[in-house]
1. For the range 249-257, state whether one or more residues are among the small types (Gly, Ala, Ser), assigned to a loop (DSSP other than H, G, I, E, B), surrounded by fewer than 21 Cβ atoms within 10 Å (Cβ to Cβ) and modelled with pLDDT of 95 or more.
2. So which residues in the range 128-168 are in contact (Cβ under 8 Å) with a residue 60 or more places away in the chain and away from the ligand (no atom under 13 Å from the Cβ), if there are any at all?
3. Could you please give the count of residues in the range 61-113 that are more than 26 Å from GLY245 (Cβ to Cβ) and of a type in the set (Val, Ile, Thr)?
4. Checking VAL176 against (1) within 15 Å of the ligand (Cβ to nearest atom); (2) in a loop (DSSP other than H, G, I, E, B); (3) more than 19 Å from ASN57 (Cβ to Cβ), which test does it fail?
5. For the list (1) crowded, with 19+ Cβ neighbours inside 10 Å; (2) under 22 Å from VAL186 (Cα atoms), I need the number of the one condition that VAL51 fails.
6. Could you grab the pairs with beta carbons closer than 7 Å, sequence gap of 6+ or different chains, first residue in the range 1-17 and within 19 Å of VAL364 (Cα to Cα), second one in a loop (DSSP other than H, G, I, E, B) and within 14 Å of the ligand (Cβ to nearest atom)?
7. Kindly evaluate VAL280 against the criterion of being surrounded by 18 or more Cβ atoms within 10 Å (Cβ to Cβ), modelled with pLDDT of 95 or more and touching a Pro at 6+ places or on another chain (Cβ under 6 Å).
8. Looking at the range 179-198, can you tell me whether even one residue there is within 8 Å of the ligand (Cβ to nearest atom), part of a helix (DSSP H, G or I) and of a type outside the set (Phe, Trp, Tyr)?
Amino acid sequence: MIYLDNAATTPVHPEVLKAMLPYLDKQYGNPSGIYEFAEKSKEAIDGVREVIARSINAKPEEIYFTSGGTESDNWALTGMAEALKDKGKHIITTSVEHHAVINTCEYLRQRGFDITYLDVDGEGIINPSQLIKAIRKDTILISIMAANNETGSIQPVQLIGEIARRNNICFHTDAVQAYLHMDIDVNKMNIGMMSASAHKFRGAKGCGFLYIRNGIKPAVFMHGGKQESGIRAGTENVPGIIGMGKAVQIAMQDMDKNIVYVRNMRDYLLYRIEHEIPGVILNGPRHVRLPGNLNISFLGVEGQSLLIMLDMDGICTSSGSACTAGLGGGSHVLKALGADGDRLKGALRMTLDSYNTMEEMDYVVWRLKENVAALRGRN
Ligand SMILES: *Cc1c(COP(=O)(O)O)cnc(C)c1O
């Protein structure tokens with residue numbers, strides 16, 4: 001099997017699994033316990049807090065463990081809305097966010113909040129002057145993703161942070177795709193809150209974190225015990241958190257090397273597709289893009305049919321994001337980029353990671369060529 005759907009989820013790294021196993025077995029202490037056996041679990045997860053903090057230039061007490069990207073996004077948005085509703089009810093986001101953000105904004109809109117969805121250009125990037133124009137006296141939050149899960153488009157995060165800081169508005173970024181695939185410094189970028197998810201970077205599913213800058217106070221998300229400073233209660237997912245820490249360490253160690261390797265492999269795949277298959281369009285930017293992301297429309301072909309044929313060849317890909325696949329109607333992200341008709345229908349996303357190989361790319365190009373020709377011949 002060739003797995004090219006790493007934006008949907010990644011395989012757990014063998015070293016991550018090894019680090020997790022003791023915490024599913026003999027080291028089962030509850031981090032809230034006060035005897036030594038339990039304190040070992042507490043120390044272990046606090047170690048992860050430090051590792052994560054170092055990776056984004058934050059402080060350990062600013063890292064809050066959650067069940068993943070969706071929860072972190074929900075908490076950031078509903079938590080700030082609840083905390084600041086007397087100050088204002090206006091939130092700025094974009095039309096290309098993940099559904100974890102879009103649907104939370106819709107939930108808030110139904111409860112009296114006013115949401116501005118910024119447009120994007122043909123490459124999926126927002127216009128900073130449009131952001132400045134959208135800011136109002138009652139704006140309480142700007143939530144803009146760092147990089148897009150479908151097209152890999154990277155937003156001008158530092159500039160957005162600067163605009164938010166000058167206007168004294170909290171800036172939340174969904175960095176689930178970006179974290180560990182590009183440099184993120186929450187201070188340099190003026191990020192107030194940041195969502196991340198372990199299963200997108202070789203950790204286990206159901207585990208992530210929300211960075212919350214000291215001084216920013218979203219409402220309590222989980223009522224209960226005193227875990228996570230009492231604002232996200234519940235016994236910690238210790239194995240998941242330990243694995244996440246290991247995954248961060250591994251990724252940080254080889255980040256620069258991996259970015260170059262994955263980008264070269266992706267560019268090779270793109271080059272061969274563009275030179276050997278007629279009628280293709282690259283969706284999203286050519287350069288300001290996550291290293292492992294490729295999103296291409298094969299004109300005159302149904303992306304879903306191509307996906308199924310590739311699946312029969314043992315290649316896992318995606319047409320649109322995993323969350324929209326099967327819903328029909330086409331991707332809201334590609335529509336926002338201006339895609340319609342054949343270009344919208346024929347989109348295929350292939351997302352690479354550092355364990356993929358050039359040999360795999362050669363096989364993928366061969367199968368793409370044959371399958372696209374076969375599907376076009378059928379019409
Ligand atoms: C995967 C993803 C999420 C959701 O994260 P989960 O941990 O799967 O809940 C949110 N935002 C983006 C950009 C994602 O890619």
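1. No - not one qualifying residue is present in the range 249-257.
2. Passing the criteria: ILE140, LEU141.
3. Residues meeting the conditions: 8.
4. Unmet condition: (3).
5. (1) is the only condition that VAL51 fails.
6. ASN6/GLY292; ASN6/ASP353; ALA7/ASN149; ALA7/GLN177; ALA8/ALA322; THR10/PHE201; THR10/ARG202; THR10/ASP353
7. No.
8. yes
The values are calculated or read from the model by the stated rules, or taken from the named source; none is laboratory data. Computed from a prediction, not measured in an experiment: that's the story for all the values here. As a convention, Cβ positions derive from the backbone with ideal geometry for all residues, glycine included, and neighbour counts pool all protein chains shown.
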